[in-house]
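Let me begin by presenting the structure, written as C-alpha cells, before commenting on it.
The values are calculated or read from the model by the stated rules, or taken from the named source; none is laboratory data. Note that the structure is predicted; figures quoted are calculated from it, not measured. Note that each Cβ is placed from the backbone with ideal geometry, even for glycine, and that neighbours are counted across all protein chains shown.
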C-alpha cells in the first residue's frame, strides 16, 4: 500500500458553478482519504461558493476552507502549501475534475525517479456551450498554443511546465514558494525555478484531468493578454527569456503593425504583407477542425487563433514597456485577475 500523504490545493474565487463537481471528483477518487488533505483557498467569493465549500468541509473531514483575503492565485497557493505537511502537494483548478486514479498516478510518476520534482498529465477540455467548444479546440492545437504539450497531448516525457502539477515536499523546501507578485504565469515561473534548481518535470499521458473551458471571446482576450504581460515580468526577474514560444505572438503582432505601416509606403511591401497574412489564414483554417466542425464554426476557430496570438502579443508589448523600458513594478490595476 502506498503510504505517501497528499495535499490538494485549490485556488478559488466565485466558482459556484464548478467547485462542487471538483470536490466530488476528489471524493470519488481511489486514493485513501486518511492520507489526503484538501485545502480550498477561497478569495472572498460573493456568489455562494464559500457556502458550498463549507458544506463539503462538514461532509468530508479532509476538506478544509481557507480564506484568502489577498484574492490572487499565488497567495492562495502559498497559503495551501504552508498549511499542509504532506509528502506531495498537488495544485488543482476549481474548474477541473480528476480521474479516480489521478492522485495515485501522480505519486507513481513523481517517485519513479529522484530527479523528478514535479509531474502532471494531459488536460482534457470539457465545454459548457458551443463557444467554449470552439475556444477549447483552439487552445488544444499546436497552431494555437505551440508546444504546450499538456494541452495538445502529443508528448510524454520531460517538459518545461505542466498544468495541475504534483510536487514533492522537498521542492518547496529547496526552491521556495510561488511568487506572490505574479497574477498570471506563477506556475510557469515556479517550474522554471524548479528546473534551474536541478529538478525535472515529467508529463505522463496516464494522468488525466478535465477542465471546463470558460466561454467568451472577450474573456479569452483578457486572459491571454495577462499571460503575455506577466511573462515579461518573469523574463525581467530571471534576466532571460524562459521559453522561445512566448516571443512568437509578440513577433506576429509586431509584424501586423509594422507591415501595415510599410504597406502604405511601398506596393511591394503591401503585396508581401498580404501574402503572409493569407498564408496565416490558410494555415489557421487548415488547423481549424476539418469535418468535425461546420464552415461557420471553423471560422470561429480561426478567430480564436487570432485572439490567442494578438492578445498575448499585445500584453507582451505592454509588459516590455512597463517592466523593461519604464522600469515599473507590478501595479494594483494589473494585479486584478480577469475572468
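Based on what the data block shows, is residue 200 buried (at least 16 other Cβ atoms within 10 Å of the Cβ), in contact with a strand residue (DSSP E or B) (Cβ under 6 Å, 6 or more places away or on another chain) and more than 26 Å from residue 126 (Cβ to Cβ)? Quick ask: steps written out before the conclusion?
Working: buried (at least 16 other Cβ atoms within 10 Å of the Cβ): yes; in contact with a strand residue (DSSP E or B) (Cβ under 6 Å, 6 or more places away or on another chain): yes; more than 26 Å from residue 126 (Cβ to Cβ): yes.
It is true that residue 200 is buried (at least 16 other Cβ atoms within 10 Å of the Cβ), in contact with a strand residue (DSSP E or B) (Cβ under 6 Å, 6 or more places away or on another chain) and more than 26 Å from residue 126 (Cβ to Cβ).
List every residue pair whose Cβ atoms sit under 7 Å apart, with the two residues 6 or more apart in sequence or on different chains, where the first one lies in segment 153-180 and is at positive phi and the second, anywhere, is assigned to a loop (DSSP other than H, G, I, E, B).
Every condition considered, the pairs that remain are 164/92; 164/93.
Out of all the residues in segment 67-106, which are outside any loop (DSSP other than H, G, I, E, B), out of contact with any helix residue (DSSP H, G or I) (no Cβ under 8 Å at 6 or more places or on another chain) and within 20 Å of residue 190 (Cβ to Cβ)?
Matches in segment 67-106: 75, 76, 78, 79, 80, 82, 83, 106.
Applying the selection to segment 294-313, what residues are over 19 Å from residue 254 (Cα atoms) and free of Cβ contacts under 8 Å to residues at least 24 places away in the same chain?
Within segment 294-313, 294, 295, 296, 298, 299, 302 qualify.
So, in segment 35-54, how many residues would count as being surrounded by 14 or more Cβ atoms within 10 Å (Cβ to Cβ) and not in a helix (DSSP H, G or I)? Let's see the steps before the verdict.
First, the residues of segment 35-54 that are surrounded by 14 or more Cβ atoms within 10 Å (Cβ to Cβ): 35-43, 45, 49-50, 52-54.
With not in a helix (DSSP H, G or I) added as a condition, the list becomes 36-43, 45.
Of the residues in that region, 9 qualify.
Any residue at all in segment 154-168 that is modelled with pLDDT of 90 or more, within 19 Å of residue 312 (Cβ to Cβ) and in the same structural domain as residue 126 (by TED's automatic domain parsing)?
For segment 154-168, residues modelled with pLDDT of 90 or more, within 19 Å of residue 312 (Cβ to Cβ) and in the same structural domain as residue 126 (by TED's automatic domain parsing): absent.
Only one of these conditions is not met by residue 98: (1) under 18 Å from the mean Cα position of the chain (by Cα); (2) buried (at least 23 other Cβ atoms within 10 Å of the Cβ); (3) farther than 24 Å from residue 178 by Cα. Which number is it?
(3)
So for segment 37-60 (the condition being in the same structural domain as residue 138 (by TED's automatic domain parsing) and in contact (Cβ under 8 Å) with a residue 60 or more places away in the chain), does at least one residue qualify? Steps first, please.
Our first condition is that a residue be in the same structural domain as residue 138 (by TED's automatic domain parsing); within segment 37-60, this holds for 37-60.
Next cut, in contact (Cβ under 8 Å) with a residue 60 or more places away in the chain only: none.
Checking segment 37-60: not a single residue is in the same structural domain as residue 138 (by TED's automatic domain parsing) and in contact (Cβ under 8 Å) with a residue 60 or more places away in the chain.
Would it be correct to say that residue 220 is closer than 30 Å to residue 195 by Cα, assigned to a helix (DSSP H, G or I) and at pLDDT below 95? Break it down into steps so the answer makes sense when it comes.
Values: closer than 30 Å to residue 195 by Cα: yes; assigned to a helix (DSSP H, G or I): yes; at pLDDT below 95: yes.
Yes.
Quick check on segment 242-252. Is at least one of its residues touching a residue at least 12 places away in the same chain (Cβ under 8 Å), buried (at least 22 other Cβ atoms within 10 Å of the Cβ), part of a helix (DSSP H, G or I) and not assigned by TED's automatic domain parsing to the domain that holds residue 93?
yes
Cβ-Cβ under 6 Å, sequence separation 6+ or interchain: first residue in segment 76-88 and at pLDDT 95 or above, partner surrounded by fewer than 21 Cβ atoms within 10 Å (Cβ to Cβ) and part of a loop (DSSP other than H, G, I, E, B). Which pairs?
78/177; 86/5; 87/4; 87/5; 88/4
With the requirement that a residue be in a helix (DSSP H, G or I) and in contact (Cβ under 8 Å) with a residue 40 or more places away in the chain, what does segment 1-34 give you?
Within segment 1-34, 19, 21, 22, 23, 24, 25, 26 meet the criteria.
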